[in-house]
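Below is one structure, written out as structure tokens; the observations come after it.
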Amino acid sequence: MSQSIQSHRKDEHVFLAEKFFAAHATAGFDEVRLLHDPLPETAVGEVAVKPALFDWQWPFFINAMTGGSKQTGQYNQQLATIAAHTGLAMATGSQAVALKEPALAETFHVARTADPDGFLIGNIGANKTPAQAQAAIAMLHADALEIHLNAVQELIMPEGDRDFHWLANLQTLVETSPVPVIVKEVGFGMTKEALAKLAAVNVKYVDVGGRGGTNFAQIEGVRRQSDDYQDLIGFGQSTVESLLEAQGSGLTILATGGVRSPLDVIKALRLGASAVGISGQVLHWLIQEGPAAAEAHIKAWQQQLPALLALLGAADLTALQQVPVVLSPALVSYAQQRHLP
Ligand code: FNR
């Protein structure tokens, strides 16, 4: 199998994401408190966690990471097997490399082979053509397509794009895609202005992809072996700030970035996410403990989610929206300065 620069980059991303994985993320979930009601008047068995999104059974999913090299093809196969066993939706990493080098398509297609009936999401960049988008969808028989916005990452990569005129093309991609399109950031978050621009070009689903988990400024800085742009490591809006930005956007919001626990998932859902993506945490389980343990961790989250909802007195994800929440002074100040609802 070929190991072009692009293919090798996939292995480096995994290696560096895992090297910098922090068990405690800084995505803002610590700044959000859900209040305890000692009289929840619920039972764990009565609670439903199904989200109002596609036909998903669970309000969290494995988000885009792998494919494009031999090693990351194996991860796609393992992640898709876990997705099949747990009923989770899953996105592959960017398929751009396989559009360029068709021999690499198999490192993505393995996910469909491992999870024939699952909800699989393809992934491409915002500069791709409708024909490339359709090729990416066909490669996976994808049920939805993620389009990633990664201006910070491109800027830091010496070989990266320098042209960020993406909006008109996004409109074309949304209007020509045979499957739902999810526009996602990769870890630097969103603003309400960006969300309004996306809504204006008919985007319906946005993953706010906030700061606080996997950090591509850090990863690309190490790859280029340079301090250039390393002041961008703290740049961008955290996942929680991005969720505040998304309040009242009218879009269907997903949230990824620094999700480390079932309670983080619940907090993101309480702040308006319809579903929550996990990437670095799943990769960490997979690399450190192997596929069986990664699957067991996910099943544990699946047990804890209804238990936590019951604790909060919420019968389902709609009722969760009524649970009282207290934000840190820093978040309140953020919301005020940004004139958020
Ligand atoms: C990613 N991510 C990513 N996103 C994307 O849209 N296309 C991609 O190809 C990749 N590749 C990728 C590789 C690796 C190794 C990691 C860890 C992540 C970003 C990912 O989908 C997610 O948005 C961020 O990682 C933030 O979530 P976590 O990792 O903090 O849970």
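Observations, loosely collected:
- Taking all C-alpha pairs of the chain, those more than 34 Å from each other amount to 19 percent.
- Karplus-derived 3J(HN,Hα), 6.51/-1.76/1.60, for each residue of segment 114-123, Hz, glycine and proline x: 6, 9, x, 9, x, 8, 10, 10, x, 7
- Size of electric dipole in the chain: Cβ of Lys, Arg +1 and of Asp, Glu -1, about Cα centre, debye, nearest 20: 140
- The alpha-carbon atoms of segment 41-124, seen along their principal axes, cover 56, 21, 18 angstrom, with the largest extent given first.
- Among Val208, Ala43, Leu312 - extreme Cα towards positive end, dipole of the chain, charges at beta-carbon: Val208
- Principal-axis tilt of helix 280-289 within the chain, Cα atoms, nearest 10 degrees: 80
- Cut-off of 10 Å, at most 14 other beta carbons, DSSP loop: longest stretch of the chain lacking such GluC sites (Glu not before Pro): 160-341
- Reach of Lys70 by Cα under 30 Å, taken over lysines that are not fewer than 8 positions away in the same chain: Lys10, Lys19, Lys100, Lys128, Lys184, Lys299
- Over the chain: helical MRE at 222 nm, DSSP H runs n ≥ 4 each giving -39500 (n - 2.57), nearest 500: -13000 deg cm²/dmol
- Under the criterion of Cα pairs below 8 Å and six or more residues apart, the relative contact order for the chain equals 23 percent.
- Amide H contacts of Ile182: Leu145, Glu146, Ile147, each under 5 Å away and 5 or more positions distant or on a separate chain (H built 1.01 Å from N in the peptide plane; Pro and chain starts excluded).
- Percent breakdown of C-alpha pair distances by 5 Å bin, ordered from the shortest bin, for segment 253-341: 3, 12, 19, 21, 18, 13, 8, 4, 2, 0
- Its Cα gyration tensor gives segment 185-249 an equivalent ellipsoid, and the semi-axes of that ellipsoid, as √(5λ) in whole Å with the largest first, are 26, 12, 9.
- By the rule of a C-alpha distance below 18 Å, with chain neighbours fewer than 8 residues away ignored, the aspartates and glutamates paired with Lys192 are Asp207, Glu241, Glu245.
- Taking the DSSP beta bridges with both ends in the chain, the antiparallel portion is around 10 percent.
Every read-out reported here was derived from the displayed coordinates using simple, explicitly stated rules and does not represent laboratory data. Worth saying up front: this structure is predicted, and the values here are computed from it rather than measured. Neighbour counts run over all protein chains shown; Cβ positions are idealised from the backbone, glycine included.
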